[in-house]
Every structure is written in structure tokens, then in C-alpha cells.
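Asker: Starting off with a structure, shown below.
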Amino acid sequence: MNCLFCKIVEGSIPSTAVYQDELCYAFADIHPQAPVHVLIVPRQHMDSMASAGKDHGALLGHLLWAAAEIARAKGLARGYRAVLNTGPDGGQTVDHLHVHLLGGRSLSWPPG
Ligand code: AMP
Ligand code: ZN
């Protein structure tokens, strides 16, 4: 499968690792939108949240837990945002599910 984030997970495309465990890999976004911008992806390929079934609940929860753990490690005590862009209208550009963790500045709402 020609998937950018699968290649990052397997190491054939370089990335800056932030956190990893048996279920997920987290790395620095190449075009950071905030002082902290980390992508957390499942090791196993999954296109997006749109293909999530009930069986994926534990994995999706794990990704959010990992985001919280990274936020604590990065000292984001003032808060942060975890985002899952999904599909064309959601602004998803890489079709391997990922959580954006953004923090280190005040983030506006609503998003564009
Ligand atoms: P999305 O638009 O939600 O699908 O997010 C894809 C993200 O992947 C964007 O924030 C990109 O900056 C990021 N990205 C694309 N290529 C790379 C790469 N080689 N290493 C790290 N982040 C990347
Ligand atoms: Zn993939």
C-alpha cells in the first residue's frame, strides 16, 4: 500500500519520533501549526474515523490517551487541542487516520 504514514511507521520515510508503543506511533508534524504539533497514528493502517467500527473503540481511545500523555510530557498545562480531520470536507490530506495534537499557543475557535 502506498501510504505515507505507513511508511513513516515502518521507518522507510524519516520522522522525528515523539512517543511510541505497540499500538501507535507519534511524530512531529513537518509543517507545524503551533509550537507543539504532533501527529499520533495507529501502527495498523486505517483510512479515517469514517471507517471506524465498534471494534476500533479501544484503539481510538488509546490514541486520545497517547495525546494526553504527550501533552503532559510537553508541559501543555494551559490546554491544547486534539483534532481528527476526516474526509475532504474535514480537511484530511493523508488517508491514514491521525490525531493532531496542537498546543503551546492560544488556539482560535471556530476553525476555518
Ligand atoms: P491532514 O491534513 O489532517 O490529513 O494532516 C496531514 C498532516 O501531515 C499535515 O499537518 C502535514 O503537515 C503532515 N505531514 C505530511 N507529510 C509529513 C511528513 N513526511 N512528516 C510529518 N508530517 C507530515
Ligand atoms: Zn497507512
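The values are calculated or read from the model by the stated rules, or taken from the named source; none is laboratory data. Computed from a prediction, not measured in an experiment: that's the story for all the values here. All Cβ positions, even for glycine, are placed from backbone atoms using ideal geometry, and neighbour counts span all protein chains on display. Heavy atoms of the whole protein, side chains included, go into the accessibility calculation; ligands, DNA and RNA do not. Shrake-Rupley method; radii C 1.70, N 1.55, O 1.52, S 1.80 Å.
Asker: How large, in percent, is the carbon and sulfur part of the accessible surface of the chain at a probe radius of 1.4 Å? Write out the running numbers ahead of the final one.
Answerer: Working: 3730 of 6840 Å².
Roughly 54 percent, rounded to a whole number.
Asker: Follow-up. How far is helix 57-73 tilted off the main Cα axis of the chain, in degrees rounded to 10, range 0 to 90?
Answerer: Taking Cα atoms only, the helix is inclined about 40 degrees.
Asker: If pairing requires two Cys Cβ atoms under 4.7 Å apart, which cysteines of the chain are left without a partner?
Answerer: Those would be 24, since no other cysteine Cβ in the chain comes under 4.7 Å of theirs.
Asker: Still on this structure, I have one more. I'd like the distance between the alpha-carbon centres of the range 31-80 and the range 5-21, rounded to an integer number of Å.
Answerer: Cα centroid of the range 31-80 versus Cα centroid of the range 5-21: 14 Å apart.
Asker: If I stretch the segment between residue 106 and residue 69 completely, what's the gain in nm (0.36 nm per residue apart, minus their alpha carbon distance), one decimal? Intermediate results must be reported in sequence, preceding the final value.
Answerer: Working: separation 37, 0.36 × 37 = 13.32 nm, distance 1.97 nm.
Roughly 11.3 nm would be gained on extension.
Asker: A follow-up question, please. Just the number please: accessible area per residue for the range 1-81, 1.4 Å probe, all protein chains included, in Å². Mind showing how you got there, number by number?
Answerer: Numbers: 4980 Å² over 81 residues.
Averaged over the residues of the range 1-81, the accessible area is 62 Å².
Asker: Bin by bin, in steps of 5 Å, what percent of the Cα pairs in the chain do you find, going until the bin that has the longest distance?
Answerer: The percentages, shortest bin first, are 2, 12, 23, 26, 21, 12, 4, 0.
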